[in-house]
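The values are calculated or read from the model by the stated rules, or taken from the named source; none is laboratory data. Only a predicted model underlies this, so the values are computations on that prediction, with no experimental measurement involved. Note: ideal-geometry Cβ built from the backbone for every residue, glycine included; neighbour counts use all protein chains shown.
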Amino acid sequence: MATMIEIKDLHKSYQMGKNSLHVLKGIDFSAEEGELVAIMGSSGSGKSTLLNILGLLDVADSGEYLLDGKLIKNLNETKAAKYRNKFLGFIFQSFNLINYKSALENVTLPLYYQGVNRKERQRKAMKYLEMVGLKEWSHHLPNELSGGQKQRVAIARAMVGEPKVILADELTGALDSTTSYEVMDVIQKINDQGNTILVVTHENDIAHMCKRIIYLKDGVIEEDKKIKQVRASEYVQ
Amino acid sequence: MFSRDRWNEILEVLTTNWFRTVLTAFGVFWGILILILLLSAGKGMENGIKGEWGDIATNSLWVWTRNTTLPHKGLPKGRSFEYKLQDVQSLKDKVPNLRIISPRNSLGGYRGANNVIRGLRTGAFGVYGDFPSFIDQEPMDIINGRFINQSDINDKRKVAIIGEGVKKSLYDIGQEVLGTYIKIQGVNFMVVGIYRKKNLDGDGEEAQNQIFIPFTSFGQAFNTGDDVGSMMITAIDGVSITSLKDRIIKVLKEKHKIHPDDRRAIGNFDMYEEFSRIERFFVALNIMGYFIGILVLLSGIIGVSNIMLIVIKERTKEIGIRRALGEDPWSIRKQILLESVFLTIISGMMGIIIGAFAIYGINALLDANGPVDMFVNPTVSLGVVTIALVILIISGLLAGFIPAQSAIRIKPIDALRTE
């Protein structure tokens, strides 16, 4: 198994007026290809900050970050955008769909930035919408979809560019438990195909549907353990 | 390169809030409309004033005689003198680059006593003894018959070319004119031509009330011999008559023993200088039109920029999402600049189209109600429209630049956190 993510001694501070808030205080961990990792911790533990740095949406103050073996250092915004598009897929708690675009158009966006032609974009987007069970809803606008459906569109969008790693930040935070399990069922199926997925969550049951849990506390890893995965399909009717 | 997706995106964004887009566009529409109307009004005035000159050879100088004001070579001041036909040859010999010299004599004219009779009808008209070359300097349409020719000059034929105004005064409608006789100060002249001058109005009416007869016939009939009342002198193309004026006056002064410092004796009117002054006035008027129009347009552009900033603020989260998904900052900047340029061009084009209709309407009104003094055929040239389009593109880029910069300055993570 190849190492998809490797970080060494990662530090991150935020300047809050005259005070500095040290959020990440030397994080070391790695994730192999095909892993499904939950990152847990209380509010302010640094889990979202870590995910943002891994997602190249934010920059660490110090430390080393290797993504698919490539050292991520001193990236300008253009290059960072290219890397995000090529290597990473994002799933957000608030779905972050573009409201005036249909589900299909939302899913095609990463491919558009890759320069894929229109026909191919639509073919691929439809394939992933079908995979998340939303083929019939492809031409609906986000405000015509339920929370679970929106998140499944977001999952399809994260998948469509066939990234190496998918980063999910509280992906079930805005969903009821039944819908959360349905979404996790989709995530597990994607993971079964070999995708590396990192899920930031504060929900224990969701974390136990992953294969490994990393607990963060006050900016350091408190515990990193492999667990027996609970299949979400057992809870989905 | 054309990208259908990019343009779909632009249309989607602009049509999401129709009312705001229309209001934003209105500023630019209004600015360009004012610019077009101001420039066309300026052009209308220019056409009106230049129309007064007709097709006259503007690179010309009129000279006539006045009493001397300084004694010279034993001759007293206050002396009157006349040019002679030989002066024409002297000028041709001593002043290079002259194309045409037309000596002329005249009698009567505007507000003068009645001097022309035909049957029971009389009229006061300007009567000019001219050479055939005069028509090259002051073109006129010969609508019937002919102008003076060299045979008329050589044979001192008593023929006359009359203006349309003269015809109206002395003849009934539909009456045959050519071959009939008119009596100019008691001397019969046969009408051989009718002209219409191109001057449009104002003096134009006076310009149609003239009678041209051969210079030599004039001398014989009215006893002026070789005397010349005035001369119209035209320089060759590429040489301004103004640059030759001093030499012309010097030759005439030497010929007629006039003191070199006598500034009054040689009366002259430099049409080139006068025309250049008018041209300069219209250049200034044009600049003023552009200045005012562009200032109005500028307020529209500030409006577009302002609204674009608001739109960018509203779309901050969307921009964050796009960047998270891999859109690079250049693409975002390009998108915003294109939106701004597109909006500016569309609204500007509307301004140009409505402006064109307004100009068409004004022209139709002028045609229907007759000419207005010093205002003829207001138009804008294709050049002006091209300049307006260039201004619009630059304006659109300027209007979009600040919002585009502000859109890419914000970090993706901060943009995503925006609610």
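Residues of region A:84-101 that are crowded, with 19+ Cβ neighbours inside 10 Å and either out of contact with any Pro (no Cβ under 8 Å at 6 or more places or on another chain) or among the aromatic types (F, W, Y) (or both): A:R84, A:F87, A:F90, A:I91, A:F92, A:F95, A:N96. If I filter region A:73-83 for residues that are away from chain B (no Cβ under 14 Å) and within 18 Å of A:I221 (Cα to Cα), do I get at least one hit? Checked region A:73-83: no residue is away from chain B (no Cβ under 14 Å) and within 18 Å of A:I221 (Cα to Cα). The set of residues in region A:138-164 being small (G, A, S), surrounded by fewer than 21 Cβ atoms within 10 Å (Cβ to Cβ) and not in a helix (DSSP H, G or I) consists of A:S138, A:S146.
All of B:V177, B:V191 fail the test of being of a type outside the set (G, A, S) and at pLDDT below 95, apart from B:V177. Every test in (1) exposed (fewer than 15 other Cβ atoms within 10 Å of the Cβ); (2) more than 14 Å from chain B (Cβ to nearest Cβ); (3) under 21 Å from the mean Cα position of the chain (by Cα) is passed by A:D9 save one, and that test is (3). Just name the residue that is farthest from the other protein chains (Cβ to nearest Cβ) out of those in region A:63-72 that are surrounded by fewer than 18 Cβ atoms within 10 Å (Cβ to Cβ) and free of Cβ contacts under 8 Å to residues at least 24 places away in the same chain. Here the residue is A:L71.
Within region B:236-255, the set of residues being without any contact (Cβ under 8 Å) to a residue 60 or more places away in the chain and of a type in the set (D, E) comprises B:D246, B:E254.
The criterion of at least 1 residues that are among the polar types (S, T, N, Q) and either surrounded by fewer than 19 Cβ atoms within 10 Å (Cβ to Cβ) or touching a residue at least 60 places away in the same chain (Cβ under 8 Å) (or both) is met by the following helices (runs of 4 or more DSSP H) wholly inside region B:317-419: B:329-369, B:382-409. Among helices (runs of 4 or more DSSP H) entirely within region B:135-210, having at least 3 residues that are polar (S, T, N, Q) singles out B:150-155.
Residues in region A:190-221 that are of a type in the set (D, E, K, R) and touching a residue at least 40 places away in the same chain (Cβ under 8 Å) were compared, and the one that is farthest from A:Y128 (Cα to Cα) is A:D218. Checking region B:34-54 against the condition returns no match, with no residue being over 23 Å from B:R280 (Cβ atoms), in a loop (DSSP other than H, G, I, E, B) and not basic (K, R). Among the residues making up region A:165-183, those that are in contact with a Lys or Arg (Cβ under 9 Å, 6 or more places away or on another chain) and in a helix (DSSP H, G or I) are A:E182, A:V183. Scanning region A:90-120 for residues that are at the interface with chain B (Cβ under 9 Å from one of its Cβ atoms), more than 23 Å from B:L14 (Cα to Cα) and outside any loop (DSSP other than H, G, I, E, B) yields A:F90, A:Q114.
Restricting A:A38, A:A60 to those that are outside any loop (DSSP other than H, G, I, E, B), buried (at least 21 other Cβ atoms within 10 Å of the Cβ) and touching a residue at least 24 places away in the same chain (Cβ under 8 Å) reduces the list to A:A38.
Selection of strands (runs of 3 or more DSSP E) fully inside region A:185-236 by the criterion of at least 1 residues being surrounded by fewer than 21 Cβ atoms within 10 Å (Cβ to Cβ) returns A:212-217, A:220-226.
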